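The values are calculated or read from the model by the stated rules, or taken from the named source; none is laboratory data. The shown structure was predicted, so the numbers you read here are calculated from the model rather than taken from an experiment. Cβ: placed from backbone, ideal geometry, glycine included. Neighbour counts: every protein chain shown.
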Amino acid sequence: MTVEQKVIAPDIQLLVLDGRLVLGRESQRLEWQVEELVKAGKTKFILDMSKVPYVDSAGLGVLVGCNSKVKNSSGEMRLAAVEARVLQLLKLAFLDSIFTVDASVGDASKAMGAN
């Protein structure tokens, strides 16, 4: 899995995920990247999940870990454009109650106050 970082508003970090979010160093790098951004004072994150076809239990753990790091810094993290299969998994694991999921990156950025 790859992660591309973009800034879509002065205070909103967009992380574009591409590939399977599964056990392994590639997925762990996402959590490390979020941690470094939080340490740098970033508090608003959108994870573009449109190119993530599959998430396993370790991948869910990475998402939960990222969300915890952001929330512990009084920040906000939103998931955008989540594939139907992945969204179903979030619901089955009762994680849809801790994540805010938006239909698109545009919807997520508007909800975070971007113009």
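Observations
- Candidate set from segment 38-67 (those that are of a type in the set (Val, Ile, Thr) and in a helix (DSSP H, G or I)); member that is nearest to residue 6 (Cα to Cα): 38
- Subset of segment 91-115 (residues that are surrounded by 15 or more Cβ atoms within 10 Å (Cβ to Cβ), of a type in the set (A, V, I, L, M, F, W, C) and without any contact (Cβ under 8 Å) to a residue 24 or more places away in the chain): 101
- Breaking point among (1) of a type in the set (D, E, K, R); (2) modelled with pLDDT of 95 or more; (3) not in a loop (DSSP other than H, G, I, E, B), for residue 26: (2)
Conditions (1) within 13 Å of the chain's Cα centre (by Cα); (2) surrounded by 22 or more Cβ atoms within 10 Å (Cβ to Cβ); (3) in contact (Cβ under 8 Å) with a residue 40 or more places away in the chain, marked per residue:
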| residue | (1), (2), (3) |
| --- | --- |
| 16 | yes, no, no |
| 24 | no, no, no |
| 48 | yes, yes, yes |
| 55 | yes, yes, no |
| 60 | yes, no, no |
| 84 | no, no, no |
| 89 | no, no, no |
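- Taken over segment 33-42, the criterion of being surrounded by 15 or more Cβ atoms within 10 Å (Cβ to Cβ) and either on the phi > 0 side of the Ramachandran plot or among the hydrophobic types (A, V, I, L, M, F, W, C) (or both) is satisfied by 34, 37, 38.
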